[in-house]
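Note sheet for the following structure.
The values are calculated or read from the model by the stated rules, or taken from the named source; none is laboratory data. Computed from a predicted structure; not experimentally measured. Every residue, glycine among them, receives a Cβ derived from its backbone with ideal geometry; neighbour counts consider all protein chains shown.
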Amino acid sequence: MNILYRPCASKENYVLNVLEALRERKLFERCTVVSQTLDDGDRYPEEYYHEIKAWYGYQTSYNVICNYDELPAIPKSIWIALLPYKSTILDLTGRAYDMHILNYEEMELRYIKHVRFWNYILDTDKIGFCFFATVPHTAWEFTIYALAKIKGIPTLLIDEHWVPELCAVATDIGNIGSSAAVCYKKYEAIAMDEVAQAYYDKVLGEHLVYSEKDKKQALEVTYRWRKETFFKPFRKMLVTRRKMKKRFQKGGDPYITIRTIWNCNADIKYGIRQRIFDRQLKQIDDYNKMASDQVDLREKYILFSIQYTPEATTLPKAGVFSNQLLTIQLLAEAAKDRGIKIYVKEHWSQCGRIADFYNELSVIPNVYLLRADLRNDTLVEHAYMVASQTGTCIVEAFLRCIPCLVFAYNASAEAPGVYYVESKEDIVRAIDRTNSQKRASAEDAKKYFAAICKTSVRSCLDWTSNRKYTTQVYMTDVVELITDYIKMGMPDNYYYENKNISDVLTT
């Protein structure tokens with residue numbers, strides 16, 4: 001069997017080591033690896049590997065690695081089968097890495113290019129299994145995922161959730177972390193290892209998940225990463241383009257094409273894009289001016305924490321509810337019928353949004369905006385319910401026995417006191433059940449959290465740099481996960497239990 005492996009950014013050869021371990025177990029004959037290395041360390045032998053650098057997907061530069069114009073035409077049946085995925089792929093082009101603002105025709109063109117290239121790869125490389133080391137959250141990654149789904153190619157993915165060093169397992173974006181519910185019912189008691197216990201204690205502590213120190217560190221790490229990964233390379237690129245433009249104007253290189261001239265003008269586009277982005281940076285301040293820091297904790301309210309965007313937590317994981325305005329409108333209408341207010345709070349690290357988002361948000365009936373810098377602990381503890389698509393506030397709430405509404409299936413969706421909702425009627429039923437039933441117990445909430453951790457892959461990708469798990473631990477878990485999945489026959493309803501996380505279980 002041939003496989004396609006999409007890793008996270010590799011360092012110290014860990015991806016190659018994972019694949020070599022799988023090859024030694026004779027789990028694949030040949031692997032198409034979509035590589036993204038941080039230290040240029042991985043070297044894939046051509047005898048066993050077909051390497052495609054991820055950057056070609058980010059840039060839609062497939063003509064660099066193949067004669068794109070001669071790729072086979074896509075049958076109508078493929079385009080029809082892709083329709084349920086198309087809108088997500090187009091939305092994800094908004095995360096384009098060349099900093100261009102795309103109109104609809106440009107997005108369509110990129111969509112077609114992604115489909116033609118990756119359909120060709122899946123067919124010619126005869127892929128029989130796809131593995132994603134993260135939720136596919138760029139247009140080209142999601143195209144691979146969508147094509148695999150419509151072609152019936154088994155797919156396995158892992159996804160980082162609230163515990164920074166643990167990843168949920170799924171065979172579909174719609175069943176992320178579903179093993180937790182099975183594990184919860186399977187055992188009478190589930191123990192937690194050191195990392196899970198530390199996170200649990202922190203959630204129930206003074207600062208919930210993120211203290212002010214954590215938030216500051218996260219923002220600093222993010223800024224440094226963006227500076228090294230984006231700002232410096234783009235600055236160099238713009239200087240090069242300006243030089244090329246001057247060279248062409250002097251009649252220098254006859255091989256510079258019209259397309260190249262247009263690219264030289266990308267610095268102008270980038271300048272426009274940067275001006276828009278700078279304007280958005282101010283919008284969080286405008287939001288805080290619109291919002292209030294006064295909360296009546298005696299009133300019955302549902303707290304909705306807006307999630308950071310654009311990110312995989314909403315797109316693609318939240319599906320149709322990736323549009324948070326629509327989510328809040330639905331929630332506010334349902335809660336109004338039961339006399340419950342909706343308090344909405346912006347994400348603490350959101351750099352900004354367009355003004356229209358906040359303007360529309362502020363006029364939704366029964367919605368009250370809270371300042372982004374308000375602490376979450378008091379708001380969560382006094383809330384009647386907490387609502388989100390996949391946000392951290394859900395785990396903060398259900399561990400404190402606060403009822404929750406989730407608009408996207410995730411590892412917490414079947415936890416005690418958590419309601420997975422898809423419509424106004426679902427929300428009303430959840431509110432009515434909360435009125436008539438006792439709250440879940442702290443013991444049950446803790447047990448479910450332990451089940452979430454027990455059914456997770458241990459990761460070494462903690463942004464706080466306080467890693468407890470090593471790269472070797474991560475490699476061990478991934479190799480054993482893929483091995484077990486393939487030997488089980490690659491089922492859609494795959495149940496995963498990490499044998500390396502606490503074996504103190506009672507049936």
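The table below lists the values:
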read-out	value
Listing of strands (runs of 3 or more DSSP E) fully contained in segment 284-373 that carry 1 or more residues being under 24 Å from residue 168 (Cα atoms) and touching a Ser or Thr at 6+ places or on another chain (Cβ under 8 Å)	301-305
Residue check for residue 145: in contact with a Pro (Cβ under 7 Å, 6 or more places away or on another chain), modelled with pLDDT of 95 or more and surrounded by fewer than 19 Cβ atoms within 10 Å (Cβ to Cβ)	no
Residue among 413, 451 that alone is among the small types (Gly, Ala, Ser), in a helix (DSSP H, G or I), under 25 Å from the mean Cα position of the chain (by Cα) and on the phi < 0 side of the Ramachandran plot	451
Segment 76-91 residues that are touching a residue at least 12 places away in the same chain (Cβ under 8 Å) and not assigned by TED's automatic domain parsing to the domain that holds residue 315, paired with ones that are among the polar types (S, T, N, Q) and surrounded by 11 or more Cβ atoms within 10 Å (Cβ to Cβ) (beta carbon under 9 Å, 6 or more apart)	78/119; 82/143; 85/143; 88/322; 89/143; 91/322
Total residues in segment 380-398, condition over 22 Å from residue 311 (Cβ atoms) and surrounded by fewer than 22 Cβ atoms within 10 Å (Cβ to Cβ)	3
Residue 427, sole failed condition from (1) of a type in the set (Val, Ile, Thr); (2) more than 29 Å from residue 194 (Cα to Cα); (3) modelled with pLDDT under 95	(3)
Subset of segment 418-449 [of a type in the set (Gly, Ala, Ser) and either in contact with an Asp or Glu (Cβ under 8 Å, 6 or more places away or on another chain) or not assigned by TED's automatic domain parsing to the domain that holds residue 331 (or both)]	none
Single unsatisfied condition, residue 425 versus (1) part of a helix (DSSP H, G or I); (2) within 15 Å of residue 185 (Cβ to Cβ); (3) not aliphatic (A, V, I, L, M)	(2)
So residue 390, is it in the same structural domain as residue 301 (by TED's automatic domain parsing), within 16 Å of residue 422 (Cβ to Cβ) and in a loop (DSSP other than H, G, I, E, B)	yes
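Conditions (1) in the same structural domain as residue 136 (by TED's automatic domain parsing); (2) of a type in the set (S, T, N, Q); (3) on the phi > 0 side of the Ramachandran plot, marked per residue:
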| residue | (1), (2), (3) |
| --- | --- |
| 299 | no, no, no |
| 303 | no, no, no |
| 307 | no, yes, no |
| 319 | no, no, yes |
| 323 | no, yes, no |
| 341 | no, no, no |
| 350 | no, yes, no |
| 357 | no, no, no |
